[in-house]
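Everything on this sheet refers to the single structure shown next.
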Amino acid sequence: MSSKFNLTCVLFDLDGTLVDTAPDLIASLNKALKKHGFETVSSSQVRPFISYGAPAMIKKSIDLDDEHIHNKILESMLMFYQNNIAEYSTFFSGMTNTLSTIESLGLKWGIVTNKRERFTNPLVAALNLTDRAACIISGDTTANPKPHPEPMFTACNQANVKPEECVYIGDALHDIDAGKNANMKTLAATYGYLKPDDSPNDWGADALIESPEQLKSWITAICH
């Protein structure tokens, strides 16, 4: 890590990085599957696919190549999820402490997610983060979602920071690519929703982060 790196802002992916949203997403998926006559699925079966969105979770749940059925399940799942956005979702262990540390160091922090605004904003509000975050960018805030750099640059404009003074942490390859495409430092959250065939070592991130506590240590070391 270059000693010239001047960190001013920490940007987070949302699902699988900042917040463990798996319990609510999987509960909503199972309600939708049941409604449409399918067997429910285990958390371990679909959790690794959360970072790729609800359609990917459904595809992993049912062995049926019928777009109409998939769309019906998706519609039900999103309705259930919107109505139960933060029943069971919680910060990953150590994350509240990490956010407090970031703020105590005088750094800004924000969220860049591919989740839609209709889900992001109520979830962030339920976790009392809306006024703490310097920026909140969703998958439909800009014309292009990650890995395109547009949401990253929009986040920097909202937070009034330079991309080269940001670090972006996420749990999927498209997160790391997005950060790199915007000339940010990148951290791979290996505690997140990794797929069985994911190889974070090969993503080109500046470091692998195994826990929010390790993230706190990384940030503290950069600032001293």
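Please name which of 128, 191, 88 has its Cα lying farthest along the dipole of the chain towards the positive end, using unit charges on Cβ (Lys, Arg +1; Asp, Glu -1) and the Cα centre as origin.
Comparing the listed Cα positions along the dipole, 128 ranks first.
Please report 50, 62, 169 as a ranked list, fewest other C-beta atoms within 10 angstrom at the top and most at the bottom.
Ranking 50, 62, 169 by Cβ neighbours within 10 Å, fewest first, gives 62, 50, 169.
Please work out how much length the chain gains when fully extended from residue 220 to residue 118, using 0.36 nm per residue of separation minus the C-alpha to C-alpha distance, in nm with one decimal.
So the extension gain works out to 33.3 nm.
Dipole of the range 22-83, Cα-centred, from +1 at each Lys and Arg C-beta and -1 at each Asp and Glu C-beta, to the nearest 20 debye?
220 debye
Most exposed first by the Cβ proxy, i.e. fewest other Cβ within 10 Å, how do 101, 17, 186 rank?
Least crowded to most crowded, the residues run 101, 186, 17.
About the Cα centre of the chain, what is the dipole size in debye to 20, counting +1 per Lys and Arg Cβ and -1 per Asp and Glu Cβ, all else neutral?
Rounded to the nearest 20 debye, it is 360 debye.
Could you tell me the distance between the Cα centroids of the range 9-41 and the range 150-224, to the nearest Å?
Between the Cα centres of the range 9-41 and the range 150-224 lies a distance of 22 Å.
Please report the relative contact order for the chain, taking Cα pairs under 8 Å with a sequence separation of at least 6, and give it as a percent rounded to a whole number. If you can, show how the numbers build up before the last one.
On the way: 386 pairs, mean separation 54.9, N = 224.
About 25 percent, as a whole number.
In this model, which of 34/59; 59/195; 59/180 are farther than 19 Å apart at the alpha-carbon? Before the final figure, lay out the partial values.
Numbers: 34/59 15 Å; 59/195 14 Å; 59/180 29 Å.
Checking Cα-Cα distances, 59/180 exceed 19 Å.
Bear in mind that the values in this text are calculations on the coordinates, not laboratory data. These numbers were taken from a predicted model, which means no experiment stands behind them. Virtual Cβ from ideal backbone geometry, glycine too; neighbours counted across all protein chains shown.
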